[in-house]
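Every read-out reported here was derived from the displayed coordinates using simple, explicitly stated rules and does not represent laboratory data. This structure is a prediction, so every number in the text was calculated from the model and none was measured. Because the Cβ atoms are built from the backbone with ideal geometry, glycine has one as well, and the counts that use them run over all protein chains shown.
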Amino acid sequence: MPGSNEKMIGEVIREFLRTHKLEDRVTETMIMTSWEKIMGRHIARYTTRMVLRGDKLTIYLDSAVLRNELGMAKTKIIQLIHKEIGKEFLTDISFR
């Protein structure tokens, strides 16, 4: 019979991530690994890096034209990311 101080492994991992301020890094990695699935191969090919700071995501792209196009679709992209990752956490995306 489990003791009262036992926790589920998921709880322990979440607590560890929170304590060591690693939640953003884990989420950032999830976005990066899903980016091609979310946006397609063509857009992923022009993406050079991503940085998540709290609830804001910065995506660096090699194409000025693509930056402008994606900038006009911020709301939709945020929705697609939330759907893929399974949680709502972003309030803004910037493309650079």
message: If you fit an axis through the alpha-carbon atoms of helix 74-85 and take the longest principal axis of the Cα set of the chain, what angle between them do you get, 0 to 90°, nearest 10?
response: 40
message: Give me a comma-separated list of calculated 3J(HN,Hα) values for region 42-52, in order, Karplus coefficients 6.51, -1.76, 1.60 applied at θ = phi - 60°, integers in Hz, x for any Gly or Pro.
response: 4, 5, 4, 5, 8, 7, 9, 6, 9, 9, 9
Simple spin-label estimate for MET50 and LYS37 in nanometres, 7 Å along Cα-Cβ: 1.1
query: If Lys and Arg each add +1 and Asp and Glu each add -1, what is the summed charge of the other residues whose beta carbon sits under 15 Å from the beta carbon of GLN79?
result: +1
field: Cross-link reach list, lysines versus LYS21, counting only Cα pairs under 17 Å and skipping chain neighbours closer than eight places
entry: LYS56
Calculated FRET value between LEU17 and ALA64, using beta carbons and R₀ = 41 Å, to 0.05: 0.70
query: Across 5 Å bins from the origin, how do the percents of Cα pairs in region 20-87 run, short distances first?
result: 3, 15, 29, 30, 15, 6, 1, 0
query: How far, in degrees from 0 to 90, does helix 23-39 lean away from the longest principal axis of the Cα atoms of the chain, to the nearest 10?
result: 40
